[in-house]
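S.K.: Provided herewith is a single structure, encoded as structure tokens, for subsequent inquiry.
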Amino acid sequence: GHIPGSYGVWSDGLVPFAPWVADAGTPLYLVLDRPGEPGPLADALGAVGLDQVKGILASGFEGWRDAGMTVDRLGTTSAEEGRRTSPRVLDVRDDTEYESDGHIPEASHLFVRPSHGDRAGVDVRLHA
């Protein structure tokens, strides 16, 4: 599950990928695995123009869920259903993962590269 309207980005990927999903001036709240100060992450986000970190969810996702707050879930499908409906599959893993870890033969492959704050005029942001 996930918090409605949130994006899941691992800590090491936060700075390079956050500019794909948030614009400068967007208020940000970090959900951390463990309570702590968002200082280092907030400073790093500020360096790529995302300087509106307003706080953290101190108890993480588990605290949100355990407090009875709304949790969204993404749907899943079976391989059989996928074959029947023939959805388009986009594999966004890097080249090494795509080649070495295997992939769905008909999948399109497009690695979503870190932006480091510059999307070069391309808007591929996800919309909640």
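S.K.: Taking only the range 38-61 into account, find how many residues are in a loop (DSSP other than H, G, I, E, B), touching a strand residue (DSSP E or B) at 6+ places or on another chain (Cβ under 8 Å) and open to solvent by 50 Å² or more (accessible area, probe 1.4 Å).
M.R.: Of the residues in that region, 1 qualify.
S.K.: Also, I was wondering about something else. Scan the range 1-28 for residues that are at pLDDT 90 or above and either closer than 20 Å to Arg73 by Cα or open to solvent by less than 40 Å² (accessible area, probe 1.4 Å) (or both) and jot them down.
M.R.: Result: Ile3, Pro4, Leu28.
S.K.: Do you know which of the residues in the range 65-94 that are in a helix (DSSP H, G or I) and modelled with pLDDT of 90 or more is nearest to Gly5 (Cα to Cα)?
M.R.: The extreme case among them is Arg65.
The values are calculated or read from the model by the stated rules, or taken from the named source; none is laboratory data. If you're wondering where the values come from, they're calculated on a predicted model, not measured in any experiment. Because the Cβ atoms are built from the backbone with ideal geometry, glycine has one as well, and the counts that use them run over all protein chains shown. All accessible areas refer to the heavy atoms of the entire protein, side chains included, with ligands and DNA or RNA removed. Shrake-Rupley method; radii C 1.70, N 1.55, O 1.52, S 1.80 Å.
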